[in-house]
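Structure record follows, encoded as structure tokens.
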Amino acid sequence: MRKFVSGISHTKNPYWNHLNMTRLGENVHEEGIIKALSYDPHPTTLPLGFQWTTYDLLNPLHLHQVTTLLENHYIQLDEHAKSSMTKELLSYKLLKPGYITDLFLGIKDSNTKEIVGFYSGVPHQMIINGKEIRVCEHSNLCIAPKWRKNYQFAKIMSNELIRRSLAHNIMVDIMSYVFPISQQPFTESNNYEILLKPNLYRKQVHGIREMKESDIPQVHYLYSTNTKKYKAYYAYSMKDIRHFMLPKENAVQTLVVEKNGRITDFISYTYWKYIIDNSSIRYAELDSYAATETTLKELVFEVMVDAYRKGFKFVSLQGLMGYESLANDPSLEFKNVGYCFSYYLVNYRMKSIKPNETSIVLT
């Protein structure tokens, strides 16, 4: 089982109790904003000897510093292994159209300039049961180990990210964690993996190929049409589709099915890696799809073919938007890896939904 140690740890952490979130066991009768919040122009107070910093991820030095911090300290599997992302994947996840540099925040030691921690926010247009809400997606909360115990930096950074979001008129925040907290998630999802076996995979879907620039309008149409069946999803513009779906080296791959000049289906996955001692193992994480004339099982099989040919060792998925039906298919041999992603909203009360009722994938 993976151990996720990034700076916040357990249910009894009192930090969660003062956030505007749906409480455990609370019956939600009416959905909506919990409380009208006002922007505080004063930065969250830091302990003496530390300072706030903002990272411009278009700056190669800043990108390297953040990637190094995350690679060393974000997701620890055990004493020998950790999960990591490339700088290309980090840029892909954070530098979407309309990103806000002010939401890439960090803490430094004032004397040594050593990076203490990093936290990122990305604005999205989220649809919740037909209502469009502007949200800030929180991710990559990482505190270097020696600073985790005494300073409550996770709480301080979360407060600061929420404060900065309010400066941009974003009153709702979305996040996921792989440990339970003392609040009510709006959905929960198991995680599954399948090991890619040698000499097993060959293409079976006629017309499947890598997505290209000219496919963007049709993929946008498929995405927009397909996501309307979910109770919670992100609304993507054409620019968003170009950013999140068009293949990027070491970040994302999207496969489309073309029939008589028409794109009928697509599926995308992102590039991740495990670092075990001094070696690395690449794996693919399934993301968005639209299956109209090709079954989801066929599309996932084609991902396995593509990922295996690219040198990936296994494919990972969360049990969202129908993927769990495949995870329970014995012919595919997916295995539950033993942890669950819980999805939360801050300052928005929402009725709980099943994992197959959302297309939002947070990692």
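Some notes on this structure:
- Every listed requirement among (1) within 20 Å of the chain's Cα centre (by Cα); (2) of a type in the set (Ser, Thr, Tyr); (3) at pLDDT 95 or above is met by residue 295 save one, (1).
- Of the residues making up the range 268-292, those that are farther than 17 Å from residue 194 by Cα, at pLDDT 95 or above and aliphatic (A, V, I, L, M) are 290, 291.
- Restricting the range 225-258 to residues that are β-branched (Val, Ile, Thr) and touching a strand residue (DSSP E or B) at 6+ places or on another chain (Cβ under 8 Å), the residue that is nearest to residue 173 (Cα to Cα) is 227.
- Among the candidates 327, 284, residue that is under 16 Å from the mean Cα position of the chain (by Cα) and assigned by TED's automatic domain parsing to the domain that holds residue 225: 284
- Given (1) small (Gly, Ala, Ser); (2) within 20 Å of the chain's Cα centre (by Cα); (3) on the phi > 0 side of the Ramachandran plot, number of the condition residue 121 does not satisfy: (3)
- Failed item, numbered, when residue 283 is tested on (1) assigned to a strand (DSSP E or B); (2) in contact with a helix residue (DSSP H, G or I) (Cβ under 6 Å, 6 or more places away or on another chain): (2)
- Residue ID - modelled with the highest pLDDT, chosen from residues in the range 24-33 that are of a type in the set (D, E, K, R) and exposed (fewer than 13 other Cβ atoms within 10 Å of the Cβ): 30
- Boolean, residue 332 is assigned to a loop (DSSP other than H, G, I, E, B), in contact (Cβ under 8 Å) with a residue 40 or more places away in the chain and either over 18 Å from residue 272 (Cβ atoms) or assigned by TED's automatic domain parsing to the domain that holds residue 232 (or both): yes
- Set 265, 240: member being among the acidic types (Asp, Glu) and outside any strand (DSSP E or B): 240
The values are calculated or read from the model by the stated rules, or taken from the named source; none is laboratory data. None of these values were measured; they are calculated from a predicted model. We place every Cβ from the backbone using ideal geometry, glycine too, and count neighbours over all the protein chains shown.
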